[in-house]
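A.B. asks: This is the structure, below, for whatever I ask next.
The values are calculated or read from the model by the stated rules, or taken from the named source; none is laboratory data. Predicted model, so just to flag it, every value in this text is computed and none were measured. All Cβ positions, even for glycine, are placed from backbone atoms using ideal geometry, and neighbour counts span all protein chains on display.
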Amino acid sequence: MQREAESWRVWGAGMKQKFILAHGIARGRAVDAVRNAPEGFVVEVKEPTRNLDQNALLWALLTEFSRQLVWPVNGQMVMLTPEDWKTILSASFRRETQRMTQGVDGGLVMLGMRTSKMSKREFAEFIEFIQSVAADRGVNVEREAA
């Protein structure tokens, strides 16, 4: 119990540690942190999420969609924001064609997914999907992919 109380003081309330397992030293530090963590703490090992370069490419592609395509909204063809395209494309990537909910004040809201939770591998597949949709829809994204 004494050791657990000491560990808690070192960790502090709500503290979180993250280790990127890129080399032996980082792995050793992660093992030490697990060894010294108080009872009840949680350990999660997962693929790394998307990186900044992938995120920058995503927003460049979405911006090109918003500049070049009109899309049906409420019966009218309109230009959409990059954020709107992200919602449409992320839901399409997951093949979620019927995942909608009612808005708080009525209307329908299409539910997409959080791309920030995607692994690097999954995010790369999402980017390829967007580029494929761009090619199918005539959106020029060549300068953005360079």
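A.B. asks: Please go through segment 44-80 and give me each residue that is modelled with pLDDT under 95, under 27 Å from LEU108 (Cα atoms) and polar (S, T, N, Q), ordered by number.
C.D. replies: ASN74, GLN76
A.B. asks: Kindly indicate which of LEU58, LEU69 is touching a Phe, Trp or Tyr at 6+ places or on another chain (Cβ under 9 Å), closer than 24 Å to ARG121 by Cβ and assigned by TED's automatic domain parsing to the domain that holds GLU128.
C.D. replies: Result of the check over LEU58, LEU69: LEU58.
A.B. asks: Can you find a residue in segment 40-60 that is surrounded by 11 or more Cβ atoms within 10 Å (Cβ to Cβ), more than 29 Å from GLN17 (Cα to Cα) and over 13 Å from the mean Cα position of the chain (by Cα)?
C.D. replies: Yes; the residues of segment 40-60 include at least one that is surrounded by 11 or more Cβ atoms within 10 Å (Cβ to Cβ), more than 29 Å from GLN17 (Cα to Cα) and over 13 Å from the mean Cα position of the chain (by Cα).
A.B. asks: Being at pLDDT 95 or above, touching a strand residue (DSSP E or B) at 6+ places or on another chain (Cβ under 7 Å) and among the hydroxyl-bearing types (Ser, Thr, Tyr), is that true of even one residue in segment 96-109?
C.D. replies: No.
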